[in-house]
1. Where residues in the stretch 20-56 are closer than 14 Å to N83 by Cβ and over 16 Å from the mean Cα position of the chain (by Cα), which of them is surrounded by the most Cβ atoms within 10 Å (Cβ to Cβ)?
2. Would you say V70 is of a type in the set (V, I, T), over 30 Å from L93 (Cα atoms) and either surrounded by 10 or more Cβ atoms within 10 Å (Cβ to Cβ) or modelled with pLDDT under 95 (or both)?
3. Given the criterion in a helix (DSSP H, G or I), at pLDDT below 95 and among the aliphatic types (A, V, I, L, M), identify the matching residue among L24, L93.
4. What are the pairs, 6+ residues apart or on separate chains, where a residue within the stretch 29-58 that is at pLDDT 95 or above has its Cβ under 8 Å from a residue that is of a type in the set (K, R) and surrounded by 11 or more Cβ atoms within 10 Å (Cβ to Cβ)?
5. For the stretch 74-90, enumerate the residues that are loosely packed, with under 14 Cβ neighbours inside 10 Å and either within 19 Å of R39 (Cβ to Cβ) or assigned by TED's automatic domain parsing to the domain that holds L24 (or both).
6. Restricting attention to the stretch 27-72, which residues are hydrophobic (A, V, I, L, M, F, W, C) and touching a helix residue (DSSP H, G or I) at 6+ places or on another chain (Cβ under 7 Å)?
7. If we keep just the residues of the stretch 33-72 that are polar (S, T, N, Q) and not in a helix (DSSP H, G or I), which is nearest to I21 (Cα to Cα)?
8. Being without any contact (Cβ under 8 Å) to a residue 12 or more places away in the chain, part of a helix (DSSP H, G or I) and either in contact with a helix residue (DSSP H, G or I) (Cβ under 7 Å, 6 or more places away or on another chain) or of a type in the set (S, T, Y) (or both) is the requirement here; does A75 meet it?
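The values are calculated or read from the model by the stated rules, or taken from the named source; none is laboratory data. A quick note: this is a predicted structure, and the numbers were derived from the prediction, not measured. No Cβ is skipped: glycine too gets one built from the backbone with ideal geometry, and neighbour counts run over all protein chains shown.
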Amino acid sequence: MEQIERIREMENCLDVSEKAIRELSEALSEFEEIQPQFRQLNDYYGSDQWMQDYSDDEAGKLPQDLKRGVLSEDAVYDLITENRELLVRMLRLVTGAIESDAM
């Protein structure tokens with residue numbers, strides 16, 4: 001029975017790993033595709049243009065029904081920080097995989 005259990009366990013490892021790798025690949029493709037937009041947002045945040053837009057919003061010059069999450073200081077900053085932390089996490093994962101020869 002040890003052999004049968006081992007094969008079942010390894011089959012489960014294969015199934016779980018295939019699913020996770022496929023989903024990561026899809027997510028990574030989407031992440032790569034949005035990077036030009038992310039860089040555009042990153043450049044906008046804190047720029048003179050962003051400062052003017054922020055000031056105009058504070059002065060009530062923008063339409064009340066305008067979605068303006070991009071003008072909140074925390075939303076964009078938090079996203080930039082999260083993106084950086086994700087990149088560092090991916091780098092550590094790849095480095096660890098190379099060092100352990102798991103590739």
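1. Y45
2. On the way: of a type in the set (V, I, T): yes; over 30 Å from L93 (Cα atoms): yes; either surrounded by 10 or more Cβ atoms within 10 Å (Cβ to Cβ) or modelled with pLDDT under 95 (or both): yes.
Yes.
3. Residue meeting the stated conditions: L93.
4. If the second residue must be of a type in the set (K, R) and surrounded by 11 or more Cβ atoms within 10 Å (Cβ to Cβ), the pairs left are D57/R68.
5. Going through the stretch 74-90, the residues loosely packed, with under 14 Cβ neighbours inside 10 Å turn out to be 74-75, 77-78, 81-82, 84-90.
Result: A75, Y77, D78, T81, E82, R84, E85, L86, L87, V88, M90.
6. F38, L41, W50, L62, V70, L71, listed by residue number.
7. S72
8. yes
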